[in-house]
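Report on the structure given below.
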Amino acid sequence: MTQPAEPTPSAEFIGHVTRAQRTLYAFILSLLCRPEDAEDVLQETNVVLWTKAGEFDASREFLPWALRIAQLQAMAHRKRHAQRRWVFDDTLLASIADQAARQADASGDGRRSALVGCLRKLPDEQRQLVARRYEPGGSVNQLAEQRGVSPKALSESLRRIRRTLLQCIERTLAREAQA
């Protein structure tokens, strides 16, 4: 009897994994110090992320969750290769990993709160447009038709709004970093 296929991860989850690759690699490399080990552990981490996709809580930040999995994979790798002389002991490795996870979590929280503040600063019409575009099922074509504009014109408006939001977020984070 065959086992049922595991559900395919969502496009959003795949995007999270894709965007996290450089950060995960750098994190793993900082723990293991050898590029070939970091590449192997990154692949192992990706397999675990993929198999645990259904366990990921989308209401939480992806990166701290992924970093924790990478940490566990790095520690397992070290145990499999215990005969090697490692640069860091397991206690220091855990400390580095915990600090990186806290920083990733804090970074995500800061960006999210900056985004919320910047969205509030938008004119009502722009804020509603962004909300309608990014709600489930919100498509550019559908919104353009409802507003009586071309999809290209609506896309350009959204691009300008996103640029405005990005600039606002960057200014907000820069002010917070100076404080």
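Readers should treat all values here as calculations from the given coordinates under stated rules, not as data from a laboratory. Just so we're clear, the structure is a prediction, and the values are computed from it rather than from any experiment.
When both region 139-162 and region 12-59 are represented by their alpha-carbon centers, they are found 35 Å apart. Working value for region 122-179: equivalent-ellipsoid semi-axes of 28, 11, 9 Å, each the square root of 5 times a Cα gyration tensor eigenvalue, largest first.
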